[in-house]
Amino acid sequence: MTLTLARRLVAPPPGWTTHADVVVVGSGIAGLTCALRLRQRVERVLLVTKTVLDEGSTRWAQGGIAAALDPADSPAEHLEDTLVAGAGVCDVAAVTALVTEGPARVRELVALGAEFDRTPDGEIALTREGGHHRDRIAHAGGDATGKEISRALIAALDAVRHDPGIEVVEHAMVVDLLQSATGRVCGVTLHVLGEGQRDGVGAATARAVVLATGGLGQVYSSTTNPSVATGDGVAAALRSGAQVRDLEFVQFHPTVLWLGPGAIGQQPLISEAVRGEGAFLVDSAGRRFMTDVHELADLAPRDVVSRAIVERMRADGTQHVYLDARHLGADFLEHRFPSIVERCRSLGFDPATDLLPVAPAQHYASGGVATDLRGRSSLEGLYACGEVACSGVHGANRLASNSLLEGLVFAHRIADDLTDRLADGDLAPVDPVEVDTPRTLLDAARRVDVQQAMTSGAGALRSAESLRRTASELAALAGEATSEPTAPAWESTNLHQVGSLLTELASLRTETRGGHLRSDFPERDPAWRGHLTARLDEDGALQTEYEAVAETQGVGS
């Protein structure tokens, strides 16, 4: 049976309107970078963010940002490592753009005020993470890189807050995209928790919309993502008819602190950089096991490490393995990883003296809204960058610390493309039209049911049977609606739609590739070396297309 999803959310009609040349949705590294760059070049930019400016995923990035900054390193080597991690389905042109433009973009962050950790001679300190063959991870505050980058970008934004060319609206959740009679995206409807005119649902029209809304981690019971990561951008784009690509490729971080079988929501991440500094994994008997799995041992790509942990837990009948960092010593750990040490100790674990129980948890969505090298989606007027997008950089499995760099590089590319197009008179203002299509709204209380169904059947370990069960459970939930449109209900509905699509695509891909393990198809299949792209037709019926990737497009089958 063909999966069918509603093309709009149940919501009140807009009670107010505003206009901008460009609406940027999201305030992580991608959204902030894009808005700041656009503000210098176009007349009016509207930046909307779901809570406050620094509550997105960027501030939680512990490890760092990857770039070939060392003279001994090169973009070509960074390219090779990225292609290997991507399991054969990266877009080489997108990765090339990332690694060649990345060093300059990082240096621009420094010029903007981002303070990275330095060596004694004043150079940016670089470390190594899984999948990298060189030290190329720049970090700040030991393990608070994302927080520092977010701080610097927000400070730059604060400096121009009174500029009439840019407006920031916090506590604003995008409900749906506005479209013209020809289907061009020309704004958003959004709900603002505020006072006066901007309270409630309104409409922001624009010549273009940039989605930088982050990931979908809350579709699972256990994730490293913040509570705001409910797949809003992917869901809104999907409902508008945009192409979504590679959504089945979900990355599960290998080393998330295991807090017990009942733990749900955002879980504490133990950065890959800890293993980069010499920590290693052991099983319940205290035996190292990654040395027999991969040449990089504990620093193998994340999909390799996650699957090895899952397989070891299955073999031993345990719910976690252990990370051993005790030999690094308290002084080093407290200096290099102050945030991680503090968080672990607050939960009753001391990395300097204890083995840390860890297990894979959802960490990153490698797929998303399909975009080209300029960040353009399949819908005219709609752009996407950062985790919400599928630029082709990550393939089936993101290389460690490439996410911040991708947001930075492609936000610049989008801003440059939009600047040129608007200056040339392209994307002239158009009026949105009302879409006559079925609407949907899932009760907010059903969020946990969506999460449990996705975790049990469409997580790191999958099979045809488990995916059928998840699809059935999600289909049953689709029949339940609520007449109370609220932000939590919209979030639950977004999670349900994104989860339904992810499950469908995961069912179609009968192989193991990237971050998941198909127990019924445990090997990588060269016939599946390609992309699954999905979109909804006018009636909401899912249309899927498979595109094989040529051998020159990546590394490995």
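Read-outs throughout are calculated quantities, based only on the coordinates presented, and are distinct from any laboratory measurement. Being a predicted model, the structure only gives us computed values, none of them experimental. Every residue, glycine as well, gets a Cβ built from its backbone with ideal geometry; the counts of neighbours run over all protein chains shown.
Quick notes
- The range 486-557-the range 371-448 distance, computed between alpha-carbon centres (Å): 18
- With neighbour counts taken as other beta-carbon atoms within 10 Å, the residues Leu53, Leu46 rank, fewest first, as Leu53, Leu46.
- Residues within the reach of a label modelled at Glu484 (point 7 angstrom out along Cα to beta-carbon, backbone nitrogen below 20 Å), restricted to the range 423-451, are 440-451.
- The chain, Cα convex hull volume normalised per residue, Å³: 141
- Packing-based ranking of 408-414, 463-469 yields 408-414, 463-469, ordered from highest to lowest mean Cβ neighbour count within 10 Å.
- For the range 194-247 and the range 108-163, distance of Cα centres in Å: 26
- Label-point separation in nm, Arg439 to Asp424, each point 7 Å along Cα→Cβ: 3.8
- Relative protection proxy for 217-226, 29-38, 312-321, from highest mean packing down: 29-38, 217-226, 312-321 (other beta-carbon atoms within 10 angstrom).
- Span-rule helices in the chain, defined as complete DSSP H runs reaching 27 Å or more along the axis (Cα) with Kyte mean at least 0.5: 92-112
- Using the Cβ-Cβ distance between Thr51 and Arg326 with R0 set to 41 Å, the FRET efficiency from 1/(1 + (r/R0)^6) comes to roughly 0.65.
- Within the chain, helix-based [θ] at 222 nm, where runs of 4 or more DSSP H residues each add -39,500 (n - 2.57), nearest 500: -10000 deg cm²/dmol
- Three-way shape call for the range 393-492 based on the alpha-carbon gyration tensor, with the a/c threshold at 1.5: oblate
- Thr318 paired with His294, simple spin-label distance in nm, labels 7 Å along Cα-to-beta-carbon: 1.9
- Descending by average beta-carbon neighbour count within 10 Å, the peptides 240-249, 362-371 line up as 362-371, 240-249, the highest first.
- Student exercise, the chain dipole from Lys, Arg, Asp, Glu Cβ charges, in Debye to nearest 20: 440
- When both bridge partners sit in the chain, DSSP labels roughly 60% of those beta bridges antiparallel.
- Here the Karplus relation 6.51 cos²θ - 1.76 cosθ + 1.60, evaluated at θ = phi - 60°, turns the backbone of the range 120-129 into coupling constants of x, 8, x, 7, 4, 6, 10, 10, 10, 10 Hz, with x for every Gly and Pro.
- Largest first, the extents of the alpha carbon coordinates of the range 255-354 on the three principal axes equal 33, 33, 23 Å.
- For the range 333-370 versus the range 2-54, the gap between their alpha-carbon centres in whole angstrom: 31
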